[in-house]
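Trainee: A single structure is presented below for examination.
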Amino acid sequence: MRRPIAATSATIDCPRRDAPRYADLACRKPAFLSVEGVVKHYRLPSLTGAKVVKSVDGVSLHVQVGEVMGLVGESGCGKSTFARIVTRLTNATEGKVLIDGEDWLAPTGEALRRRRRDVQLIFQDPYAALDPRMTIGTSMSAPMAHHGLGGGTAERRARVLEMLGDVGLDASFYHRLPKQCSGGQLQRVVIGRALLLEPKLLICDEPTSALDASMRTQILNLLMDLKLRRGLTMVVISHDLRVMRYLCDRIAVMYLGKLIELADRDTLFNSPTHPYTKALLAASLLDQNSLSAADSLLEGDPPSPLNPPSGCSFHTRCPHARPDCAAFEPELKLARPGQFVRCRYWEALAEESAGVRETTGDPSGTLARSAQSAATAF
Amino acid sequence: MADHDMTRENVSVPLLEVRDLRVSLESGKTLIDGLDLTIGRREVVALVGESGSGKSVTALALSRLLPDALRITSGSICFEGQDIVAKSDSELNRMRGADISMLFQQPQVMLDPTSRVQAQVAEPLRKHRGLGRRQAFARVVDLLRSVGIPDPAVRARAFSYQLSGGMAQRVMIAAAMAAGPKLLIADEPTTALDVTVQAQILRLLKEERERHDLSILLITHDLSIVSAFADRVAVMYAGRILEEGPTREIMRRPAHPYTRALIRCSLLVPESDGKLMSIPGSGSQALAIKEGCRFAPRCTLMREHPGLRIACCSREPGLEPVGQRWKSRCHATAEVLHEGDVA
């Protein structure tokens, strides 16, 4: 019996946007960041016996050199836990993480400390990421000193000043305190501080969520610049699909600790396959009609990860759920080239919606419209 | 006959009319500087702006909930023809929750963790509608059902920490709607929620508006909500309204360079140079500008048209009419409109 191509194999690698779609599947180029079946369970003590929260429940993801991978999902879906595992801020319960072919979960103590500079993390709130009593210059040179980089104090100072210029700030910021800067400026400082360590991988956890619209675009321009000019490999975590569409090559959608769809950016936005992805797109890319169109919005909240539903974890909110969705858990399967989906009925749903489109004479479909017209939605 | 006259008068007087409102810190720094805002009956008005522009201070001023350090130094806030600024504390307490309700960003923080949902939703009914404990609690279940809470009878006995963010915001909406207010001031009601839940809450607010002939002042920094939700939009910057008018027109072709830049920023669509639009500088210093337009230091239009510089930097433009119920505070409205549709 032929097994469907499951996400746990290395075949999940999909090439950069401009390369032919099957290139990776054929040559099996090793991924730069390779996450295999990572599981993180938190044990919560309770009166009725310990409960287990499956925060990340078997995620496999492979990121190529220079690729920007997006991770999107509602709060509680495990995307930040995933970031904490990949940055070694917490230990995985199970699974493997390889960076550049080397086991990234093995090193401990001094060996880990020395290698931490390879993977840097950018947090949501830049005010919280900087010591309010340290000047920007001190904050930015401290990690270099910690890792013994940049020679002496004078050389480090020169490199910090150079980096300030690279992230679009002038030298006067060197002596400023965080309270004298705006949120967008501080987020540049945080990004610059991470880049000074010359990381191989940058994990951005909601890098623009705390910022105003005008600041957000400054940070996105900077991140895009890093991607294009430095070819930095990044994993970007966000709940904002507009940010994802701008920045990412591929996007993984998480729900209750599992990947439920993984596709390159254009495929995901133009032909989302999983019902949850569709709902997420409809809710993010609001237009004048989306609040009145009754079918496009999800009902209810995400279920508690303490007590996840049986079978497909999305069936409790899925508008297309069928009786056996509660009984069998679907696997992440290849749907189209470069697109993986965890739904047993995605083909039937795709046919149905094609049928609806024909009968209603809406050739683009409600969703395709909301996705494409997002640019003109305002 | 008298009743008839009353209704006629009510129709002609807007529900809320703010004239020349000024709010200052005790130190004398002015945070809201001559704000004019009108909200009609059943109208949804969005107040948008970046952080620090004064939109939340406006929300607090409208229900006279300003912290002690802030004072209303001049202006009037007329609710159905009565000036809120002149009201006494007991008059205000009779008004809050009964005529004007508020909704805040973090529902779980706003709910009292020590009392059950039913007690908190029942409070406006008991205070303003004179219902007894039992009658009020009976109404609570209906109210919770109407805001889409499953198992309302069970949830009524829950505590706030047992609710998700979306559920807590629904409870807040039920409490805000309990006494049948005419105006709901919602300060970033969905910012702390997931996008899927955000859409649910916005839809619920729209339904409540239809059901209760409610007017809503929505305060937000998210322009994508505005176009889906509001009839009219007012754009705030450094304590002033820079543009105000019908959402559809403004979102398509704004008359102020700041509005235009803000919309371009929110769209996240690259400009011709491949970069996203960003507004240079930050607005935090703009309150200190005493001469000329407050947005001038960051205005790209002024940089592109050097001829404007003298006017923009020396004389602050007034809020001039652009179209039907549409005003903009710019010396170069014609030039902005000439740039065409924003997307």
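Trainee: Return only the number of the condition from (1) closer than 16 Å to residue A:126 by Cα; (2) under 27 Å from the mean Cα position of the chain (by Cα); (3) among the basic types (Lys, Arg); (4) at pLDDT below 95 that residue A:200 does not satisfy.
Mentor: (1) is the only condition that residue A:200 fails.
Trainee: I've got another one for you. In the stretch B:24-77, which residues are more than 24 Å from residue B:91 (Cα to Cα) and of a type in the set (Ser, Thr, Tyr)?
Mentor: Listed by number, the residues that qualify are B:27, B:30, B:51, B:53.
Trainee: Shifting gears a bit: Just checking, how many residues over the stretch B:114-157 are within 14 Å of chain A (Cβ to nearest Cβ) and of a type in the set (A, V, I, L, M, F, W, C)?
Mentor: Taking the stretch B:114-157 as the starting set, the residues that turn out to be within 14 Å of chain A (Cβ to nearest Cβ) are B:147-151, B:155.
Restricting the remaining residues to those that are of a type in the set (A, V, I, L, M, F, W, C) gives B:147, B:149.
The total comes to 2.
Trainee: Any residue at all in the stretch B:147-161 that is open to solvent by 70 Å² or more (accessible area, probe 1.4 Å), in the same structural domain as residue B:196 (by TED's automatic domain parsing), assigned to a helix (DSSP H, G or I) and charged (D, E, K, R)?
Mentor: Yes, the stretch B:147-161 has at least one match.
Trainee: Go through the stretch B:157-174 and give me each residue that's among the hydrophobic types (A, V, I, L, M, F, W, C) and out of contact with any strand residue (DSSP E or B) (no Cβ under 8 Å at 6 or more places or on another chain). Walk me through how you get there before you give the answer.
Mentor: First, pick out the residues of the stretch B:157-174 that are among the hydrophobic types (A, V, I, L, M, F, W, C): B:158-159, B:163, B:167-168, B:171-174.
Correct list: B:158, B:159, B:163, B:167, B:168, B:171, B:174.
Trainee: Continuing with this model, one more query. Restrict the check to the stretch B:76-98 and report whether at least one residue is touching a Leu at 6+ places or on another chain (Cβ under 6 Å), on the phi > 0 side of the Ramachandran plot and in contact (Cβ under 8 Å) with a residue 24 or more places away in the chain.
Mentor: no
Trainee: OK, next. Would you check if residue B:242 is in contact with a helix residue (DSSP H, G or I) (Cβ under 8 Å, 6 or more places away or on another chain), more than 8 Å from chain A (Cβ to nearest Cβ) and in contact (Cβ under 8 Å) with a residue 40 or more places away in the chain? First the steps, then the outcome.
Mentor: Working: in contact with a helix residue (DSSP H, G or I) (Cβ under 8 Å, 6 or more places away or on another chain): yes; more than 8 Å from chain A (Cβ to nearest Cβ): yes; in contact (Cβ under 8 Å) with a residue 40 or more places away in the chain: yes.
In short, yes.
Trainee: Another question, then. Of all residues in the stretch A:192-246 being in a loop (DSSP other than H, G, I, E, B) and within 12 Å of chain B (Cβ to nearest Cβ), which is surrounded by the fewest Cβ atoms within 10 Å (Cβ to Cβ)? Don't jump to the end; show me each part of the working.
Mentor: Within the stretch A:192-246, the subset in a loop (DSSP other than H, G, I, E, B) is A:196-200, A:206-212, A:231-232, A:238-240.
Narrowing the set further to residues that are within 12 Å of chain B (Cβ to nearest Cβ) leaves A:208-212, A:238-240.
Values: A:208: 26, A:209: 15, A:210: 19, A:211: 25, A:212: 23, A:238: 23, A:239: 21, A:240: 18.
That would be A:209.
The rows are residues; the columns are (1) open to solvent by 10 Å² or more (accessible area, probe 1.4 Å); (2) in a helix (DSSP H, G or I); (3) away from every other protein chain (no Cβ under 14 Å).
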residue	(1), (2), (3)
B:18	no, no, yes
B:21	no, no, yes
B:33	yes, no, yes
B:37	no, no, yes
B:41	yes, no, yes
B:45	no, no, yes
B:51	yes, no, no
B:61	no, yes, yes
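Trainee: Can we say residue B:179 is in contact with a strand residue (DSSP E or B) (Cβ under 9 Å, 6 or more places away or on another chain) and over 21 Å from residue B:47 (Cβ atoms)?
Mentor: Yes; evaluated as a whole, the condition is true for this residue.
Trainee: Kindly check whether there is at least one residue in the stretch B:303-314 that is touching a residue at least 40 places away in the same chain (Cβ under 8 Å) and open to solvent by less than 30 Å² (accessible area, probe 1.4 Å).
Mentor: No, every residue in the stretch B:303-314 fails to be touching a residue at least 40 places away in the same chain (Cβ under 8 Å) and open to solvent by less than 30 Å² (accessible area, probe 1.4 Å).
Trainee: Another question, if that's okay. From the list B:180, B:245, exactly one residue is open to solvent by 10 Å² or more (accessible area, probe 1.4 Å) and not in a helix (DSSP H, G or I). Which is it?
Mentor: B:180
Trainee: Of all residues in the stretch A:149-173, count the ones that are buried (at least 16 other Cβ atoms within 10 Å of the Cβ), under 25 Å from residue B:51 (Cα atoms) and without any contact (Cβ under 8 Å) to a residue 40 or more places away in the chain.
Mentor: Of the residues in that region, 3 qualify.
Trainee: Which one of B:269, B:235 is within 28 Å of residue A:224 (Cβ to Cβ), open to solvent by 40 Å² or more (accessible area, probe 1.4 Å) and in contact (Cβ under 8 Å) with a residue 12 or more places away in the chain?
Mentor: Unique residue meeting the criteria: B:269.
Trainee: Taking the stretch B:208-232 as the search range and keeping residues that are polar (S, T, N, Q) and within 14 Å of chain A (Cβ to nearest Cβ), which one is surrounded by the fewest Cβ atoms within 10 Å (Cβ to Cβ)?
Mentor: That would be B:227.
Trainee: Here's another thing I want to ask about it. Any chance the stretch B:212-228 includes a residue that's acidic (Asp, Glu), under 30 Å from residue B:287 (Cβ atoms) and touching a strand residue (DSSP E or B) at 6+ places or on another chain (Cβ under 6 Å)? So that I can check it myself, show each step before the final result.
Mentor: Initially, the stretch B:212-228 is screened for residues acidic (Asp, Glu), giving B:213, B:222.
Now drop any that are not under 30 Å from residue B:287 (Cβ atoms), which leaves B:222.
From the residues that got through so far, the ones that are touching a strand residue (DSSP E or B) at 6+ places or on another chain (Cβ under 6 Å) too are none.
Taking every residue of the stretch B:212-228 in turn, none turns out to be acidic (Asp, Glu), under 30 Å from residue B:287 (Cβ atoms) and touching a strand residue (DSSP E or B) at 6+ places or on another chain (Cβ under 6 Å).
Trainee: Tell me the residue from B:174, B:178, B:186 that is more than 14 Å from chain A (Cβ to nearest Cβ), farther than 13 Å from residue B:148 by Cα and more than 17 Å from the chain's Cα centre (by Cα), please.
Mentor: B:178
Trainee: Can you list residue pairs whose Cβ atoms sit under 6 Å apart, with the first residue in the stretch A:300-323 being within 12 Å of chain B (Cβ to nearest Cβ) and the second being of a type in the set (Phe, Trp, Tyr) and open to solvent by less than 50 Å² (accessible area, probe 1.4 Å)? Count only pairs 6 or more apart in sequence or on different chains.
Mentor: Listed by first residue and then by second, the contacts come to A:314/A:255; A:314/A:276.
Trainee: Could you count how many residues in the stretch B:100-118 are open to solvent by 70 Å² or more (accessible area, probe 1.4 Å) and either at positive phi or in a loop (DSSP other than H, G, I, E, B) (or both)?
Mentor: Matching residues across the stretch B:100-118 total 5.
Trainee: Could you list all residues from the stretch A:101-143 that are in contact with a helix residue (DSSP H, G or I) (Cβ under 8 Å, 6 or more places away or on another chain), open to solvent by 50 Å² or more (accessible area, probe 1.4 Å) and either without any contact (Cβ under 8 Å) to a residue 12 or more places away in the chain or charged (D, E, K, R) (or both)?
Mentor: The answer is A:117, A:131.
The values are calculated or read from the model by the stated rules, or taken from the named source; none is laboratory data. Only a predicted model underlies this, so the values are computations on that prediction, with no experimental measurement involved. For neighbour counting, all protein chains shown are included, and Cβ atoms are generated from backbone atoms with ideal geometry for every residue, glycine included. To get the accessible areas, we keep the full protein, side chains included, count just its heavy atoms, and leave off ligands, DNA and RNA. Shrake-Rupley method; radii C 1.70, N 1.55, O 1.52, S 1.80 Å.
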